[in-house]
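Reading through the structure tokens given below for one structure.
The values are calculated or read from the model by the stated rules, or taken from the named source; none is laboratory data. What you are looking at is a predicted structure, and each value in this text was computed from that prediction instead of being measured. Glycine gets a Cβ as well: all are built from the backbone with ideal geometry, and neighbour counts include every protein chain shown.
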């Protein structure tokens, strides 16, 4: 028995597939770049960042976090030939609203001792200052020995209130 | 001096922002679900999976990998109230094309000893069998003590050749 969410996926996907004409696209991104951005529901990277199908890798996680994205970025660059990274965090991010100890307290309350143990020591990677978090992540990627020095890296903030993106670094 | 990629972001985003009308959306996803899928350039989750702006968290990484997504999923469920996960891998995935030792050899060749050391022991999470990888990841999430037992989890394959999605588990 499909849930409403699963039924929505099947129905909307059937409509998408019925007019799909892009089966010829190749595995490596045509425009050779990768975007790291947040999982936030209010962001549609293809539309908001102007990414045509087949053009770029899109990596998304809680906060648009660079450390979390490292495995994917190494694969993107070294195995699939991308040479530029756009790191885009956003206003109103959930990561601005809590601290690690808050998250661990919620884990303890909801998952008990077993969950607490499973996630013991996890850095949820919240941040108190948006622009500084963008700068820090770009700095981290530029300093990382896992990222070739030839890769161009820039940092941005997307405004969920206006749909606008602004360059930070 | 903006790169072509950065200039494209600015130009396309200015067009997007000029007709943007969704600044009222709230932080928690309206439909309370999270999608885990691949960073692959040939996937547009909003269009292909029928996700309206504001409805769902979208987590993307190399392979649509559940382990990599765990931090984001815990934040999505425990802090932002989602209660269903769609895990969607895809045909033609880059993760089907290499083994860990291949990736580490490429790292050594391109990044030298410093890069090799930085990524020493990293599991790049490639997989040889697509449907089995979907099953394994769903099994992993269902067994994880970091994911509440009340969360509904299903696994799917998206076909980059046809635009169709098929349920695996």
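With respect to residue B:6, is the statement that it is without any contact (Cβ under 8 Å) to a residue 40 or more places away in the chain and touching a helix residue (DSSP H, G or I) at 6+ places or on another chain (Cβ under 6 Å) true? Considered against the rule, which asks whether it is without any contact (Cβ under 8 Å) to a residue 40 or more places away in the chain and touching a helix residue (DSSP H, G or I) at 6+ places or on another chain (Cβ under 6 Å), residue B:6 comes out as no.
Looking across region A:1-52, the residues that are touching a strand residue (DSSP E or B) at 6+ places or on another chain (Cβ under 7 Å) and not in a loop (DSSP other than H, G, I, E, B) come down to A:5, A:6, A:9, A:13, A:33, A:34, A:35, A:36, A:37, A:38, A:45, A:48.
Select from region B:50-67 the residues that are surrounded by fewer than 24 Cβ atoms within 10 Å (Cβ to Cβ) and at the interface with another protein chain (Cβ under 7 Å from one of its Cβ atoms) and list them in ascending order. Working first, answer last.
Within region B:50-67, the subset surrounded by fewer than 24 Cβ atoms within 10 Å (Cβ to Cβ) is B:50, B:52-55, B:67.
The answer is B:50, B:53, B:54, B:55.
Among residues belonging to region A:100-116 that are loosely packed, with under 12 Cβ neighbours inside 10 Å and on the phi < 0 side of the Ramachandran plot, point out the one that is farthest from the other protein chains (Cβ to nearest Cβ).
Among those residues, the one meeting the criterion is A:101.
Scanning region A:29-49 for residues that are within 8 Å of chain B (Cβ to nearest Cβ) and farther than 22 Å from residue B:24 by Cα returns A:29, A:30, A:31, A:33, A:34. Taking the listed residues A:9, A:27, the one that is surrounded by 22 or more Cβ atoms within 10 Å (Cβ to Cβ), over 17 Å from the mean Cα position of the chain (by Cα) and farther than 22 Å from residue A:68 by Cα is A:9, with no other qualifying.
For every residue, the table says whether it meets (1) under 30 Å from residue A:19 (Cβ atoms); (2) touching a helix residue (DSSP H, G or I) at 6+ places or on another chain (Cβ under 9 Å).
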position	(1), (2)
B:77	no, yes
B:94	yes, yes
B:98	no, yes
B:109	no, yes
B:116	no, yes
B:125	no, yes
B:138	yes, no
B:151	no, yes
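Would you confirm, using the coordinates I've provided, whether residue A:86 is touching a helix residue (DSSP H, G or I) at 6+ places or on another chain (Cβ under 8 Å) and either under 14 Å from residue B:94 (Cα atoms) or at pLDDT 95 or above (or both)? Considered against the rule, which asks whether it is touching a helix residue (DSSP H, G or I) at 6+ places or on another chain (Cβ under 8 Å) and either under 14 Å from residue B:94 (Cα atoms) or at pLDDT 95 or above (or both), residue A:86 comes out as yes.
Taking the criterion of being in a strand (DSSP E or B) and free of Cβ contacts under 8 Å to residues at least 24 places away in the same chain, the residues of region A:131-168 that qualify are A:166, A:167.
Scanning region A:78-91 turns up one or more residues that are surrounded by fewer than 23 Cβ atoms within 10 Å (Cβ to Cβ) and assigned to a helix (DSSP H, G or I).
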